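A.B. asks: If you scroll down you'll find the structure; I have some questions about it.
The values are calculated or read from the model by the stated rules, or taken from the named source; none is laboratory data. Computed from a prediction, not measured in an experiment: that's the story for all the values here. Note that we place each Cβ from the backbone using ideal geometry, even for glycine, and neighbour counts take in every protein chain shown. Protein only, heavy atoms only, side chains kept; ligands, DNA and RNA dropped before computing areas. Shrake-Rupley method; radii C 1.70, N 1.55, O 1.52, S 1.80 Å.
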Amino acid sequence: MSQGSSGGPEGLKRRDSGSERHDEEEEEGGAAARGNRKRCGEEEEEEVEVPLLLPGDKDGTPAESSSTWSQPPPSPTAAAPPAPPGGLWQTQRCPSALACPIAHCCHGGAKMAALAYNLGKREINHYFNVRNAKALALGVVLLLAACHAASRPYRGNDTCEYLLSRGRFLGKNVWQPHSCMMHIYKNGEAKKCLADKHIVFVGDSRIRQLFYSFVKVINPYVKEEGNKHENIPFEDKTASVRVDFLWYPEVNNSMKQYFRSWIESSASKPNIIMVGAATWSMKIHNGSNEALSQYKNNVTTIAPVLEMLADSSEVYWVLQDPVYEPLLSESRKMITNEKIDAYNEVAVGILNSSTRNSKSKIKMFGVSKLIAEETMKESVDGLHLPDASRDISAMVLMNAYCNKILKPVDGSCCQPLPPLTIIQKITACFFAASIIGYIILNIVHRSNHRKNKLCMDLECGEEKKPSTASPTASVLEILLFSFCKLGLIMAYFYLCDRADIFMKENKFYTHSSFFIPLIYILVLGIFYTENTKETKVLNREQTDEWKGWMQLVILIYHISGASTFLPVYMHVRVLVAAYLFQTGYGHFSFFWSKGDFGIYRLCQVLFRLNFLVVILCIVMDRPYQFYYFVPLVTFWFFVIYTTMAVWPQILQKQANGNCLWLFGLLLKLVFLLMCICFLTYSQGSFEKIFSLWPLSKLFELNGNVYEWWFRWKLDRYAVFHGMLFAFIYLALQKRHVLSEGKGEPLFSNRVSNILLFISVVSFLTYSIWASSCKNKTECNELHPSVSVVQILAFVLIRNIPGYARSVYSSFFAWFGKISLELFICQYHIWLAADTKGILVLIPGNPMLNIIVSTFIFVCVAHEISQITNDLAQIMVPKDNPTLLKRLLCIVGFFSGLLLLSAVQEQLRH
């Protein structure tokens, strides 16, 4: 997939392919590591470098800039390269790996097929490049935001109303409220929310069912026993929760008098009142119209009393559920759905209009009716709901009352918007100032450009046109433009996951929702297969491809909710371990071969890894550890850096002269392994170390470091395995044990076949073991030690055959270059509620919603990658004195952030 180029304010094309980029590649083993390059049989010999591999890390080399949210200014450090023939800003490539062998075939039809294959890809790349995609994504975002904002007056913005009245089944017994997420409350959470509360259910046998389901949320061991036509009390003394059922099967004067006694009494009133009755009126009066008229009069007289109770209590009127008439007994045949609809219409008409000048305080509980419409066929007697269905109604009630108290992340229904913090307000002002500053700067430049557009030569009287080359943009212009784009993107993040302009829904896993998208991306990956520039083991293109397809699998895993399916969960755990394996392999290879432990290298990696996460921590008001993967990779980078940099520094050049240095490096690795094992089996020491200030600010989540302990422990050996593999591979490569030529097997044919067979068996054995896991906790205990089996098996299968090393999928590699941004951005603009749910941009059409939200999400991730690269060049200069000044500014920034954070915490408490 080719990337579109972008021009500056004056139309200047900005590309990071100048001499400085080549210097940087030489210095850091950048993205385009050079090796044996073949183009349709033509071979070019080049120096080989070991690439640095990091999830989302560009190895210190600026990625190709194709920022297209608007016309960006040209880079101050890179000159525009000459345009290739045809005027297209894209690399001229040979036909793909699939097409080249066909092209050599003498059959005319095969040649035509190969030509059509390449022309098709070229057409796609020409008309749908990154630039056009981002422009389209921006337009779609503006259109969707305008549509959602315009529809709010008509659809309302009360998620509580949606929770109580609208929804659908995602699957068996899985209820999805319209536009918001429903939290499944455990008994501990229920007791915490309802402590010192009094809840009353008033009505007939159907209300009694709801009463028992609600009580079982608090205490799952309660049994439904006792006289059914009497009042039933319940009390949980540990939480001081009282729940009562009052037997009033008809809406009559007795019910009214009981409610009035609450009003007249000086005692505290119930916190929640659930009222509903009608079927007994139909049954006793044989479904007569007179009974309906009497019901209407009784509801009319009781409505003002309920309104007065609603001033101090939450009052819900439960609409009558439909019945399944074929299962009704003879004594209940008069209870028909037609009569039930008439009674519900009366109740809604009176209770919803009981106050003329304002909205009724009585809430209509209609969700039970919707649930019954889908499940009443499973009823035992045709009148009462199945147990699973009434449990859903009880959980809806819990969400309606408790979400605003406990504020669960995955319970967006009935939850108020979080107030803006001091830090968020300051950040919004900063981004607004950046946008205004860039607009003013752009206006000034345009004004100056118009004045100097045509200058007249006074001597000869001829018009002299100014030079066609645009002046290089200033650092301030690029800085403002980058923050301008970033501010707009962060506004989109906030709207998606902190405001209520867009909707959210719960995840629901099905095998088809996970495996069908996998087939789609596999087909696309094969379609975009091309020749590699080099054929070394784990070359840059191959590792970008590896990161790309792994990231796509992880994204599908997250949005489909596949963590509930243990075999998929265990295989995805291997993918996360593989990312860390690449981190160990890439950084070790760089330090071992280059020996560059300078502050520039350190700051470049840290900036690229952490820039987006720091911004999101500020904008989305989340702790650093919330984005667990970045702290994990950052921590392991420091471990690798320290291991290689501390005395004695052992590098490849020294080891080539004396083998004793290899032994010294092995001792370092053994010591690292011992430290990992010590922390593994000493959780107390681990928690004490990372609970120290200021480390606690980085690694605490919800007031403790347990989450960090769990994440670290789960893949604790993966980085070490990557370092060890890199050491062995580079040693074998130096001694010319490996054959890494085009099309050549990695070892001799015999050894290659044996290793390939063992790798395939090992790969399948691990998959069989992972698929047979029955307990997640036990499998997680074994995972750190055995995940390396499948990782190494994959590496060998991918690299032993020469033809496998000679091709790669440019589709997967494109995603691999922005894998870190994809992993982080998914938290808020693809998923929702901090990954607990799914963002809904287009309600009512799940497939179209996924397509549109995915398209916008990928474009945003790519743009953030470009912004990070641009800012890295400015914020982390190569000049050490300038870099030290920038570091002092960054230290001051974080000090101010800590101070504001402390003030913010005091205000919250």
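A.B. asks: What tally of residues in region 184-211 results from selecting those that are touching a Leu at 6+ places or on another chain (Cβ under 8 Å), of a type outside the set (Lys, Arg) and either under 13 Å from VAL396 (Cβ atoms) or open to solvent by 20 Å² or more (accessible area, probe 1.4 Å) (or both)?
C.D. replies: Going through region 184-211 one residue at a time, the tally reaches 3.
A.B. asks: Something else about it: Regarding LEU669, is this residue touching a residue at least 40 places away in the same chain (Cβ under 8 Å), farther than 18 Å from SER593 by Cα and among the hydrophobic types (A, V, I, L, M, F, W, C)?
C.D. replies: no
A.B. asks: Provide a single number: the residues in region 295-304 that are over 15 Å from ALA277 (Cβ atoms) and buried (at least 16 other Cβ atoms within 10 Å of the Cβ).
C.D. replies: Number satisfying all stated conditions: 0.
A.B. asks: Going by the conditions given, is VAL807 open to solvent by less than 50 Å² (accessible area, probe 1.4 Å) and of a type in the set (A, V, I, L, M, F, W, C)?
C.D. replies: yes
A.B. asks: Would you list the helices (runs of 4 or more DSSP H) that sit entirely within region 334-423 and hold 3 or more residues that are within 21 Å of VAL243 (Cβ to Cβ), open to solvent by 10 Å² or more (accessible area, probe 1.4 Å) and in contact (Cβ under 8 Å) with a residue 40 or more places away in the chain?
C.D. replies: 387-406
A.B. asks: Could you please find all residues in region 523-546 being surrounded by 15 or more Cβ atoms within 10 Å (Cβ to Cβ) and farther than 18 Å from GLN582 by Cβ?
C.D. replies: Of everything in region 523-546, those that are surrounded by 15 or more Cβ atoms within 10 Å (Cβ to Cβ) and farther than 18 Å from GLN582 by Cβ turn out to be GLY525, PHE527, TYR528, THR529, GLU530, ASN531, LYS533, THR535.
A.B. asks: Quick one: in region 508-522, of everything that is out of contact with any strand residue (DSSP E or B) (no Cβ under 7 Å at 6 or more places or on another chain) and among the hydrophobic types (A, V, I, L, M, F, W, C), which residue is least open to solvent (accessible area, probe 1.4 Å)?
C.D. replies: That would be PHE514.
A.B. asks: A further question follows. With (1) open to solvent by 10 Å² or more (accessible area, probe 1.4 Å); (2) of a type outside the set (Phe, Trp, Tyr); (3) closer than 30 Å to SER772 by Cα as the list, and MET570 as the residue in question, which single condition is left unmet?
C.D. replies: All conditions pass for MET570, except number (1).
A.B. asks: Looking only at region 221-243, which residues are open to solvent by less than 70 Å² (accessible area, probe 1.4 Å) and either among the polar types (S, T, N, Q) or without any contact (Cβ under 8 Å) to a residue 40 or more places away in the chain (or both)?
C.D. replies: VAL222, GLY226, ILE232, PHE234, SER240
A.B. asks: Is one or more of the residues making up region 149-161 closer than 20 Å to LEU839 by Cβ and in contact with a strand residue (DSSP E or B) (Cβ under 9 Å, 6 or more places away or on another chain)?
C.D. replies: yes
A.B. asks: Here is a follow-up. Taking only region 249-279 into account, find how many residues are open to solvent by 70 Å² or more (accessible area, probe 1.4 Å) and touching a residue at least 12 places away in the same chain (Cβ under 8 Å).
C.D. replies: 4
A.B. asks: Going residue by residue through region 144-151, is there one that turns out to be surrounded by 12 or more Cβ atoms within 10 Å (Cβ to Cβ), in a helix (DSSP H, G or I) and modelled with pLDDT under 90?
C.D. replies: yes
A.B. asks: Determine, yes or no, whether PHE757 is within 36 Å of the chain's Cα centre (by Cα) and surrounded by fewer than 20 Cβ atoms within 10 Å (Cβ to Cβ).
C.D. replies: no
A.B. asks: Take ILE676 and tell me if it is in the same structural domain as VAL719 (by the TED database), among the aliphatic types (A, V, I, L, M), in contact with a helix residue (DSSP H, G or I) (Cβ under 7 Å, 6 or more places away or on another chain) and open to solvent by 40 Å² or more (accessible area, probe 1.4 Å).
C.D. replies: no
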